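J.: Handing you a structure now.
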Amino acid sequence: MSDSNQMWGGRFAEGPAAVMREINASIPFDKRMWRQDIRGSQAHVAMLAKQGIVAGDDAEAIARGLDQVAAHYDAEGVTEDLALEDIHMQTEARLAEAIGPAAGRLHTARSRNDQVATDFRLWVRDAIDETLAALAAFQCALLDRAEEHAASVMPGFTHLQSAQPVTLGHHLMAYVEMARRDVGRFADARARMNLSPLGSAALAGTGFPVDRHATAAALGFDGPTRNSLDAVSDRDFAIEYLTCAAQCALHLSRLAEEFVLWASQPFGFVSLSDQWSTGSSIMPQKRNPDAAELVRGHAGRITGCLVSLMVTMKGLPLAYSKDMQDDKPPVFECHDLLGLCLAAMTGMVESATFRIERMRAVAESGFATATDLADWLVREAGVPFREAHHITGRAVARAEALGVRLDQVPIDDLTAIDARVNAGVYSVLSVDASVSSRTSFGGTAPDNVRAAIREAREALA
């Protein structure tokens, strides 16, 4: 080795052997799967004994030893021994320490290829279950606040311009609908991935008389995978999990952005709890919506996790390649980030103070009932909508000139614009009248919002 080569120093002082040991090892991250690894091994050894592939005494010793290893991991954690590479070799070494040579029989009729595929599916399945529970809590928080504000008027926006009045309850229920679709995506992904690779061995199956249906059932799978090559090389279940997570994170990011806007002084729609905001280092008057901003930022990192795994998998031939060792870090990172985002947004929704007086004032100041005037002309005076639109534009211009709301424009001014207008028009020009009139299915009328809340609660239950 040349002295001029500065690479071989520090942790690489041993030279290429040290580099190879470190690049080859996955134990620093795949140790998170130890529970799944123990579960898979317990199911495997029980099947081996039942099939007569391993003697009953050895199988019992292995099962007891695996329990001991699990207890050790639970109490002490998993040691990162790079020489043992991964959680599978780590567990087998621990098992050998506990019960002796019989530990070597555990790996009969399986390979690390089907073992890791099984462990990873189990881990992702558990992650989905955690996410579904967190999404349920998030929806409950939204439903509680939507019910509280089913009739609280706020401006509805398009292009971030005041468009039509809606209720805060209706606005929050939009995010309930997004979360329900997220739940559906995760549930679909879980159902699709719920097949067991165990017994596929390295890539071609095994000559031992294994019972793959038995191990699948023991691990809560719907059955075994149907093709051994696909089983050990497939990671689309992880990609699909990341896809669902990325979409969920985008939904959370949109709500986080609204909280950031709403908490700003120009909007003044919401005051965030001190639990979910921070002060400025030099400006004591400020309360920064840091948690919401981080949820917004984490959506980018979660999307990056998805892209990372897709690019890793995009050109791999069948069956297993070492590249696939890099499948877990983005999934683990995504799981942690999404869990944080869901917890933070649930907390913000639960604790936020909505300034409904300010919301109403803004809704009333932007001529948000202009569409109601046009609709009234169509409905009550038989005016074609395009003409009604033109008449309404003139009415809005008159209100601007007078510096008043549409419902404060004198009737003489309105009839001067078009003689078909009469005093009955005032029944639709207030923001309360506007939201109450939106009774079409899915509309913002308070009764509609309350009905939607009841249906969503029933679906959650």
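J.: Please get the size of the charge dipole for segment 152-263, origin at its Cα centre, with Cβ charges of +1 on Lys and Arg and -1 on Asp and Glu, quoted in debye to the nearest 20.
T.: Dipole about the Cα centre, nearest 20: 80 debye.
J.: Mind checking the full-extension length gain between M310 and E257? Use 0.36 nm per residue of separation minus the Cα-Cα distance, one decimal, nm. Mind showing how you got there, number by number?
T.: On the way: separation 53, 0.36 × 53 = 19.08 nm, distance 2.75 nm.
That pair, M310 and E257, stretches by 16.3 nm at full extension.
J.: Here is a follow-up. How big is the convex hull of the Cα atoms of segment 113-233, per residue, in Å³? Don't skip to the answer; put the middle values down first.
T.: Numbers: hull volume 14.3 nm³, N = 121.
Expressed per residue, the convex hull around the Cα atoms of segment 113-233 is 118 Å³.
J.: Same structure again: Could you pull out the longest piece of the chain with no exposed loop trypsin sites (Lys or Arg not before Pro) in it, calling a site exposed if DSSP puts it outside H, G, I, E, B and it has at most 12 other Cβ atoms within 10 Å?
T.: Details: sites that count: R226, K286, K314.
Looking at the chain, 1-225 is the longest stretch - no exposed trypsin sites (Lys or Arg not before Pro) with at most 12 other Cβ atoms within 10 Å.
J.: Can you give me the % of accessible surface on the chain that is carbon or sulfur? Probe 1.4 Å, all protein chains present, nothing else counted. The partial results should precede the final answer.
T.: Working: 11340 of 21380 Å².
C and S atoms contribute 53 percent here.
J.: Further question: Which three extents, in whole angstrom, do the alpha-carbon atoms of segment 362-460 cover along their principal axes, largest first?
T.: Extents along the principal axes, in whole Å: 53, 29, 20.
J.: Once you place label points 7 Å from the Cα toward the Cβ at R386 and D447, how far apart are they in nm?
T.: 3.6 nm
J.: Report the per residue volume, in Å³, of the convex hull enclosing the C-alpha atoms of segment 227-346. Mind showing how you got there, number by number?
T.: Working: hull volume 13.6 nm³, N = 120.
That works out to 114 Å³ per residue.
J.: Over segment 18-110, average the accessible area per residue using a 1.4 Å probe and give it in Å², no decimals.
T.: Numbers: 4230 Å² over 93 residues.
For segment 18-110, the per-residue accessible area is 45 Å².
J.: State, to one decimal in nm, how far the label point of R181 lies from the label point of D336, with both points 7 Å from Cα in the Cβ direction.
T.: With each label point 7 Å from Cα toward Cβ, the separation is 3.0 nm.
J.: Continuing with this model, one more query. Solvent-accessible area per residue for segment 369-461 at a 1.4 Å probe radius, Å²? Working shown, then result.
T.: Numbers: 4970 Å² over 93 residues.
Accessible surface, normalised per residue, equals 53 Å².
J.: Continuing with this model, one more query. If you fit an axis through the alpha-carbon atoms of helix 56-76 and take the longest principal axis of the Cα set of the chain, what angle between them do you get, 0 to 90°, nearest 10?
T.: Between the helix axis and the principal axis of the chain, the angle is about 50 degrees.
J.: Something else about it: Lysine pairs in the chain with alpha-carbon atoms under 21 Å apart, 8 or more places apart or on different chains: how many are there? Walk me through the intermediate numbers first.
T.: Values: K31/K322; K31/K328; K314/K322; K314/K328.
Counting lysine pairs in the chain gives 4.
J.: Follow-up. How many nm separate the modelled label positions at M20 and E293, each set 7 Å beyond the Cα in the direction of the Cβ?
T.: 4.9 nm
J.: While we're on this one: Tell me the Kirkwood radius of the chain: reciprocal of the mean inverse pair distance over distinct alpha-carbon atoms, in Å. Before the final figure, lay out the partial values.
T.: Values: mean 1/r = 0.0376 Å⁻¹.
The answer is 26.6 Å.
J.: Okay, moving on. Which Cys in the chain stand alone, with every other cysteine's Cβ at 4.7 Å or more from theirs?
T.: Singleton cysteines: C140, C244, C248, C341.
J.: Of all chymotrypsin sites (Phe, Trp or Tyr not before Pro) in segment 370-461, which ones are in loop regions per DSSP and have a Cβ with at most 13 other Cβ atoms within 10 Å?
T.: Details: sites: W376, F385, Y426, F441; in loops: F441.
Passing sites in segment 370-461 are F441.
J.: Oh, and also: Report Rg/Rh for segment 75-156, rounded to two decimals, where Rg is the Cα radius of gyration and Rh the Kirkwood radius. Don't skip to the end; give the middle numbers.
T.: Working: Rg = 23.3 Å, Rh = 17.2 Å.
Rg/Rh: 1.36.
J.: For segment 41-125, what is Rg from Cα atoms divided by 2.2 N^0.38 Å, rounded to two decimals?
T.: Values: Rg = 12.7 Å, N = 85, 2.2 N^0.38 = 11.9 Å.
Against the compact-globule rule of thumb, the ratio is 1.07.
The values are calculated or read from the model by the stated rules, or taken from the named source; none is laboratory data. Because the structure is a prediction, the values reported are computed rather than measured. Here the Cβ is made from the backbone with ideal geometry for all residues, glycine too, and neighbour counts use every protein chain on show. Just the protein is used for accessible areas: all its heavy atoms, side chains included, with ligands, DNA and RNA removed. Shrake-Rupley method; radii C 1.70, N 1.55, O 1.52, S 1.80 Å.
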